[in-house]
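Encoded as structure tokens, the structure appears first; notes follow it.
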């Protein structure tokens, strides 16, 4: 789907109505969803138009998401202590789960990306998809209110919530990789952060994994641990090919 094709009268992508139908919500203020799908790389290429991009609205969506999941877990599992609730929430509100939800609703298809991100496969990048999903939640909150955003989150994330509570979600990829590597007779696994970007409250880490000093994978995350897990998953996927 070509998300660069615009309606000449209002500069809103023509595929937004199709996306709205897909998520069963029509935005009253189209500029809100336009901002949510605009990546900074696209806005930077269109500086003359002074476009807003989705980082601020993503910040808002992150809070809406955290509150929704926290409230749900608090009410549904009164027997669980704070520590366990925190662990479960962290598994739900992570890059892997959010990018999965974004992919399921085809969010990548409608993103406005700069040429560089487009060519480098930005529409399927976990970090871009997860950020865009949070931006979408922020847009739903601004346009329809908290209850609309809450209903959307619980509808589209319920399977992830249930799997996380049952302990099935996003298993320890580092442990799986360690076991697989030992089976193959290889021994040395090392992780190193090769890039770090963003403000202190919303950093993104990129970690590279080496097996016997050979680069085998790369992963991004909002913490070093998450980026290591995603790097291990990338290495596992490649070793399975």
Breaking point among (1) under 9 Å from the mean Cα position of the chain (by Cα); (2) farther than 19 Å from residue 68 by Cβ, for residue 119: (1)
query: How many residues does segment 80-110 hold that are in a loop (DSSP other than H, G, I, E, B) and without any contact (Cβ under 8 Å) to a residue 60 or more places away in the chain?
result: 3
task: Please work out which residue is farthest from residue 93 (Cα to Cα), limiting yourself to segment 180-191 and to residues that are in contact with a strand residue (DSSP E or B) (Cβ under 9 Å, 6 or more places away or on another chain) and surrounded by 12 or more Cβ atoms within 10 Å (Cβ to Cβ).
output: 186
query: Is one or more of the residues making up segment 188-202 in the same structural domain as residue 65 (by TED's automatic domain parsing), touching a residue at least 24 places away in the same chain (Cβ under 8 Å) and within 30 Å of residue 16 (Cβ to Cβ)?
result: no
- prompt: Here are some residues: 216, 210. Which one is touching a helix residue (DSSP H, G or I) at 6+ places or on another chain (Cβ under 7 Å) and surrounded by 12 or more Cβ atoms within 10 Å (Cβ to Cβ)?
  reply: 216
- line: The one condition residue 236 fails out of (1) crowded, with 20+ Cβ neighbours inside 10 Å; (2) closer than 25 Å to residue 131 by Cα; (3) touching a helix residue (DSSP H, G or I) at 6+ places or on another chain (Cβ under 6 Å) is (1)
Of the criteria (1) surrounded by 14 or more Cβ atoms within 10 Å (Cβ to Cβ); (2) within 28 Å of residue 224 (Cβ to Cβ), which one residue 139 fails: (2)
query: Between residues in segment 43-56 that are more than 15 Å from residue 32 (Cα to Cα) and residues that are assigned to a helix (DSSP H, G or I), which pairs lie under 7 Å by C-beta distance while being six or more apart or on different chains?
result: 45/115
- line: Among 119, 112, 85, the single one that is surrounded by 19 or more Cβ atoms within 10 Å (Cβ to Cβ) and in the same structural domain as residue 46 (by TED's automatic domain parsing) is 112
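The values are calculated or read from the model by the stated rules, or taken from the named source; none is laboratory data. Quick caveat, the model's predicted, so the values are computed rather than measured. Cβ sites come from the backbone with ideal geometry, for glycine too, and all protein chains shown count toward neighbours.
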